Structure formats: structure tokens, C-alpha cells
Amino acid sequence: MNEPQWTAKVCKLIQDSSIASLKNIYPERSYKKEFENILRTYFGAVAPKFMAKPDLIMVFEDDARKIDDYLVVALELKYFDLSDRLDANLRKASREVGQALRYYLFGFDSAVLWHTFDERVGDETIVSFSELIGEVFDKFELPLVYFSAKMLPSNSFKVYKPVSVQGNLEWLIRWMHKVSQDRRNPLLRSDIEYQKFIQRRKALKVVLRVP
């Protein structure tokens, strides 16, 4: 299974799940033109030249009501199969660990980097890699959510980060929701200097049809 296939599979599994707090999920989509038009028409603002498109977007209820009723979360997904290129793919992923920060420039409330491993990949490899990435997040206090997990039969997961534990997909997504509420986009502030990011969030919600 490659990364696009994994993304399509996990999107379908989440769509078919029963998670009360999850209002909607969107696969990767192009929203550049609509996003630009809304910013230009209603805020007299210009969108960034290059748009970052998350692999998945999840909209949850926001229990804390920090801005409004909803939490718009961007997911960056990486899938690692057992192959001759596993080490090269892990090395590449370690260089791209900060990519999910791009989503904050477009007004997402939170961003999740989710590394998923094929069940045939050994625990020693996964633990070593996950500890390395976890240190980057913790030591540099990146305002991102990091999950590392191995997919097991029956759509269950063995999680390595944030902590070592095992559970099914619905439990895992609820956990992502909870952690995302605690680790948010630091650019969504009321200061005049940061108003453009609030405007982009409003435009993003219109594009996604979120009230």
C-alpha cells in the first residue's frame, strides 16, 4: 500500500466511523481559487501565492470555544511500508518534519503530523524513529501534534507517540481531537498584526462550508 492508498483508506474508515464530535472530514482538495476570491472580496486581502493542501481536513466541535464552535484540523499523513527504501523514506520524512507548520499560515486551528507504519515494520525501527521525531517536537516546542502508530489487523493501532498504547481507529481520532484542542495555531490572535490569519481562517471556513 502506498501513501495515496493509505490516505484514501483512512479517510473512508473515518467517514464510516461514529465519532460524535467529528462534524466532517475532507480528502485533499484544491481550494485555492475560492479561498483567494473570498479574501479579495470580503477582506481586500491577497492570498499567499502557494497554497498548502493537507492530506485530510477534519472539523470537530471545539469544546473550549477558543474562537467559535469548531476546530478545523489539518492532517499531514506519512505511510511507511516495509521495502528496500524504508530507510531512505524515513530519512526524507525526518527532513520534512516541519511541513505541517505551513497549514497555520492558512488559518487552520491545529495541525497533526501522523506517521503510520505497515504492521511488518519492526518495533525497534519505529521506536527509534518516533523518539527522534518526538524529540524535535518537544525540544523545539513545535506547536504541532505528532502521532506515530503501526496499523494492526481489524483497523486497530499500536501507538508509539505521544505515548505507547493500543486502540481502535475511533479511539485514536478522538485522542487526536483532544490533543489538537490543547496545541493550537499560535498565529490566531486578536492583535492587529495577526488579523490576516484570522481573515484566512474565516475564508477557509467558508470554503469548507463550516458555519
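The values are calculated or read from the model by the stated rules, or taken from the named source; none is laboratory data. Fair warning: this is a prediction, and the values are worked out from it, not measured in the lab. FYI the Cβ positions are ideal-geometry reconstructions off the backbone, even for glycines, and counts take in every protein chain you see.
A compact table of results
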{"read-out": "Residue in the range 30-42 that is modelled with pLDDT of 90 or more, assigned to a loop (DSSP other than H, G, I, E, B) and either of a type in the set (V, I, T) or surrounded by fewer than 18 Cβ atoms within 10 Å (Cβ to Cβ) (or both) present", "value": "no"}
{"read-out": "Exclusive hit being modelled with pLDDT under 95, farther than 15 Å from D109 by Cβ, exposed (fewer than 13 other Cβ atoms within 10 Å of the Cβ) and small (G, A, S), set S164, S156", "value": "S164"}
{"read-out": "Residue, nearest to V112 (Cα to Cα), within the range 57-74, restricted to residues that are without any contact (Cβ under 8 Å) to a residue 40 or more places away in the chain and surrounded by 12 or more Cβ atoms within 10 Å (Cβ to Cβ)", "value": "A74"}
{"read-out": "Sole residue being under 22 Å from R29 (Cα atoms), among the β-branched types (V, I, T) and touching a Gly at 6+ places or on another chain (Cβ under 8 Å), chosen from V59, V112, V72", "value": "V72"}
{"read-out": "Scope the range 43-57; condition within 21 Å of A111 (Cα to Cα) and assigned to a loop (DSSP other than H, G, I, E, B); matching residues", "value": "A47, P48, K49, F50, M51, A52, K53, P54, D55"}
{"read-out": "Residue within the range 102-117 that is touching a strand residue (DSSP E or B) at 6+ places or on another chain (Cβ under 9 Å), among the aliphatic types (A, V, I, L, M) and either over 30 Å from F35 (Cα atoms) or assigned to a helix (DSSP H, G or I) (or both) present", "value": "no"}
{"read-out": "Long-range neighbours under 6 Å by Cβ, at least six apart or interchain, first residue of a type in the set (S, T, Y) within the range 132-154, second at pLDDT 90 or above", "value": "Y146/L113; Y146/F137; Y146/K161; S148/H115; S148/S130; S148/Y160; S148/K161"}
{"read-out": "Among the residues listed as R184, R174, the single one being touching a residue at least 60 places away in the same chain (Cβ under 8 Å), closer than 22 Å to Y70 by Cβ and touching a Lys or Arg at 6+ places or on another chain (Cβ under 8 Å)", "value": "R184"}
